[in-house]
Amino acid sequence: MVENNKYDSTADSLVRVMQRLRSPGGCPWDRKQTHESLKQYLSEECAELLDAVDDGDPKAICEELGDVLMNVVFHCVIAEENSHFDFEDVLEAIIDKMIRRHPHVFGDARVDSAEEVKVVWDEIKKTEGKPEPESILDNVPRNLSALLSSRAVQKKAAKCGFDWECSEQIISKIEEELDELKEAIAAGREEEVDEEIGDLLFSVVNLSRFRKRRNAEDLLNDTVCKFRKRFGYIEKQLKDKNISLKEATLAQMDVLWNEAKDKNVC
């Protein structure tokens, strides 16, 4: 419930709140922000929203959606100040796009499956007048995480037939990249070591993509989550023994780590 009677629970009120924050009498921090400086905050808010979704917490999802929406409006207000576009322009554009790309809902077209919807969507995109990319990989957003970007460019290439025939081939490639990494490390070629680590990661992403189950981002996130919980087990056990992390030896932590594994802490 919005207490200030000047602002109700509407998108227009949120726009006016952000305009006030950006005004000469507004907030110094908000006034100094730009599209570029806000990038990190939008990324963080989207990540927090995804965390709330993973946690299955409706209240947190609601709150994080608000934070994401605030960031969207913030960008719109900055754009309006520069006479580029405003929030209504954004709304008009997305509403037009959704209606245009769903002729089976708002028009006379007929589709019978989600797969057919995707075909219609892609065909309509081709008619929207956007310049043809020089490469089929140009449509992969540059600001995706490296794992998701790797998967996306691999999928694009695979559609053109540039793909592996079986998982065993990819595993052989992973082994090849690992051997090259070992060789670079043994020779002390640091820049080459960095390159080979990247090649190895890319090959592992290829394997997860080829299996057509879950993407590498989710798989690695699961492993990070497992690490967090097992390291949390170490912290709790040390605390119960009145041992700080700084005082604990690696041997002590290894014992507790193995305990966490034996107890299937994950």
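Computed from the coordinates by the stated procedures, all read-outs in this text should not be read as laboratory data. Predicted, not measured: the structure shown is a model, and the values here were computed from it. Please note: Cβ atoms are built from the backbone with ideal geometry, for glycine as well, and neighbour counts cover all protein chains shown.
Key figures
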{"item": "Approximate shape of the chain as ellipsoid semi-axes (Cα gyration tensor, √5λ), whole Å, largest first", "result": "41, 32, 20"}
{"item": "Listed residues Ile95, Gly232, Pro141: farthest to the positive end of the dipole of the chain (Cβ charges)", "result": "Gly232"}
{"item": "Assigned charges on the beta-carbon of Lys, Arg, Asp, Glu; the chain dipole about Cα centre (debye)", "result": "680"}
{"item": "Dimensions (Å) - the range 119-199, Cα atoms, principal axes, largest first", "result": "54, 28, 19"}
{"item": "Distance violations [Cα-Cα > 20 Å] among Lys155/Lys212; Lys212/Lys263; Lys156/Lys212; Lys39/Lys130; Lys182/Lys212; Lys229/Lys263", "result": "Lys212/Lys263; Lys39/Lys130; Lys182/Lys212"}
{"item": "In Å, descending, principal axis extents of the Cα set of the range 11-85", "result": "40, 24, 23"}
{"item": "Equivalent ellipsoid, the range 1-52 (semi-axes from 5 times Cα gyration tensor eigenvalues, Å)", "result": "23, 18, 8"}
{"item": "Chymotrypsin sites (Phe, Trp or Tyr not before Pro) within the range 142-213: DSSP coil, no more than 11 neighbouring Cβ in 10 Å", "result": "Phe162"}
{"item": "Dimensions in Å of the range 1-155 - Rg and Dmax from alpha carbons", "result": "19.1, 56"}
{"item": "Equivalent-ellipsoid semi-axes of the range 218-262, from the Cα gyration tensor, Å, largest first", "result": "21, 10, 9"}
